[in-house]
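Below is one structure; the comments refer to it alone.
The values are calculated or read from the model by the stated rules, or taken from the named source; none is laboratory data. Note that the structure is predicted; figures quoted are calculated from it, not measured. As a convention, Cβ positions derive from the backbone with ideal geometry for all residues, glycine included, and neighbour counts pool all protein chains shown.
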């Protein structure tokens, strides 16, 4: 009985995470041989040295979107653009830069520093001579204490 209670409590705590984007729990999109991995989170969770090394601002008021592009399982350079929209409909163009240490792309964006909120991202990826691919996803960002 105790295991069932622990399981139900765990499930209740996990439901908001699943509700934010239950259609894509793997955080990836597949376009033929091209795979795009993505994740968004509050920049305050980054270790100071990592944030500094990538030129990112660690703050409860900043989020980070990371994009990794692989072709046939190998990292490949790409042109990445996109935007982020909050629940009020305010939209901001994302400016991506390539990581200094690997072939992945990073953009920062403003988040509400006092609460968690769901953001809608639209990402466009063009790798080499491939056609451009676009996808959207929702992500809840926990920026408060």
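Taking the range 100-121 as the range and being closer than 21 Å to residue 75 by Cα and either at pLDDT 95 or above or surrounded by fewer than 15 Cβ atoms within 10 Å (Cβ to Cβ) (or both) as the test, the residues that pass are 100, 101, 102, 103, 105, 106, 107.
Residues are listed down the side, and each one gets a yes or a no for (1) under 16 Å from the mean Cα position of the chain (by Cα); (2) free of Cβ contacts under 8 Å to residues at least 12 places away in the same chain:
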site: 43; (1), (2): yes, no
site: 52; (1), (2): no, yes
site: 56; (1), (2): yes, no
site: 60; (1), (2): yes, no
site: 74; (1), (2): no, yes
site: 78; (1), (2): no, no
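Among the conditions (1) surrounded by fewer than 18 Cβ atoms within 10 Å (Cβ to Cβ); (2) over 17 Å from residue 37 (Cα atoms); (3) under 16 Å from the mean Cα position of the chain (by Cα), the only one that residue 83 does not satisfy is (2).
The lone criterion from (1) without any contact (Cβ under 8 Å) to a residue 60 or more places away in the chain; (2) over 16 Å from residue 42 (Cα atoms); (3) outside any loop (DSSP other than H, G, I, E, B) left unmet by residue 100 is number (3).
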